[in-house]
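So the structure is just underneath, and the comments pick up after that.
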Amino acid sequence: MIEVQNLYKSFGEKEILKGVNMHLAKGENLGILGKSGVGKSVLTKCIVRLIEPDQGEIKVLGKDIINMKEDELNEIRKDIGYLFQGGALYDSMSVRENLEFPIRRTQYAGRKIEVDERVEQSLRSVGLLDAIDKMPSELSGGMKKRIGLARALILRPKVILYDEPTTGLDSVTSGEISELILKVQEEYNAASIIITHDMKCAKIATNRIKIIMDGVFNAEGTYDELSRSREKEIRAFFI
């Protein structure tokens, strides 16, 4: 679903990614762990070219996105759902309007009844159909995350990128979001990358984990495998 080879990215003199290699298999949830500022979010934004990499290769669904023209890039982005850290809802739009927005922005707009059905189905998937006419200011942090996920699902993506999906949430809500990510994997069979500091989320929602340090991935395995590592830097994540 995604292949990244020898990916480099610097900002000024600060090197962030120093030759990252990774792949995402069909239907799997891949967790990415790392300290703050090591390039986890930079990596996912390079994958959708919200940030332009300096060097390397990125293939999404078998297509080279580095050399894509803007119209080709926008087309493949329809197959990629992105859940931002804060949900990134439009404050001036209702929940319904937030979910309709990506549909209206694509070539597929459909008849009103089809759009309504798709919006309602996405909200049912995250258990918030009753919030359809609320404004973002009326939602809790956990609800905003769920609505953000519903919007990420609205175009039925083949790949979903989660950027810190449980940040700022209490333990109970964090667990609910993690279980929801697992439900989405089962229901939509989408492949996902999950960037997280939340080890509970990593344990519940991932099939495989990669740890990034000093600009490259230096450890990989399941949650249980990595939690048994004898390497001090790896064990630090699981304490």
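Applying the criterion of being hydrophobic (A, V, I, L, M, F, W, C) and not in a helix (DSSP H, G or I) to the residues of segment 150-160, the residue that is farthest from residue 126 (Cα to Cα) is 159.
Looking for something on the phi > 0 side of the Ramachandran plot and basic (Lys, Arg) - is there at least one such residue anywhere in segment 101-118? No, the conditions are met nowhere in segment 101-118.
Within segment 6-57, which residues are of a type outside the set (D, E, K, R) and part of a loop (DSSP other than H, G, I, E, B)? Listed by number, the residues that qualify are 12, 25, 27, 34, 36, 37, 38, 39, 48, 50, 51, 53.
Checking each residue in segment 122-140 for being surrounded by 15 or more Cβ atoms within 10 Å (Cβ to Cβ) and modelled with pLDDT under 90 picks out 122, 123, 125, 126, 128, 129, 131, 136, 139.
Of the residues making up segment 213-232, just one is of a type in the set (Val, Ile, Thr) and either part of a strand (DSSP E or B) or over 21 Å from residue 21 (Cα atoms) (or both), namely 216. Screening residue 162 against (1) surrounded by fewer than 15 Cβ atoms within 10 Å (Cβ to Cβ); (2) hydroxyl-bearing (Ser, Thr, Tyr); (3) within 25 Å of residue 2 (Cα to Cα) leaves a single unmet condition, (1).
In segment 33-50, the residues that are among the hydrophobic types (A, V, I, L, M, F, W, C) reach residues that are assigned to a helix (DSSP H, G or I) with C-beta atoms within less than 6 angstrom, at least six apart or across chains, in these pairs: 33/237. Just one residue in the set 10, 94 is of a type in the set (Ser, Thr, Tyr), surrounded by 16 or more Cβ atoms within 10 Å (Cβ to Cβ) and touching a residue at least 12 places away in the same chain (Cβ under 8 Å); that residue is 94.
Yes or no, residue by residue, for (1) aromatic (Phe, Trp, Tyr); (2) in a helix (DSSP H, G or I); (3) within 21 Å of residue 48 (Cβ to Cβ):
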{"position": "143", "(1), (2), (3)": "no, yes, no"}
{"position": "148", "(1), (2), (3)": "no, yes, yes"}
{"position": "162", "(1), (2), (3)": "yes, no, yes"}
{"position": "167", "(1), (2), (3)": "no, no, yes"}
{"position": "174", "(1), (2), (3)": "no, yes, no"}
{"position": "179", "(1), (2), (3)": "no, yes, no"}
{"position": "184", "(1), (2), (3)": "no, yes, yes"}
{"position": "194", "(1), (2), (3)": "no, no, yes"}
{"position": "201", "(1), (2), (3)": "no, yes, no"}
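Just one of (1) surrounded by 21 or more Cβ atoms within 10 Å (Cβ to Cβ); (2) over 20 Å from residue 210 (Cα atoms) fails for residue 32. It is (2).
Condition check for residue 118 on (1) surrounded by fewer than 19 Cβ atoms within 10 Å (Cβ to Cβ); (2) charged (D, E, K, R); (3) more than 15 Å from the chain's Cα centre (by Cα): one failure, at (1).
The values are calculated or read from the model by the stated rules, or taken from the named source; none is laboratory data. The model shown is predicted, which means the values in this text are computed figures rather than measured ones. Positions of Cβ are backbone-derived with ideal geometry, glycine not excepted, and every protein chain shown enters the neighbour counts.
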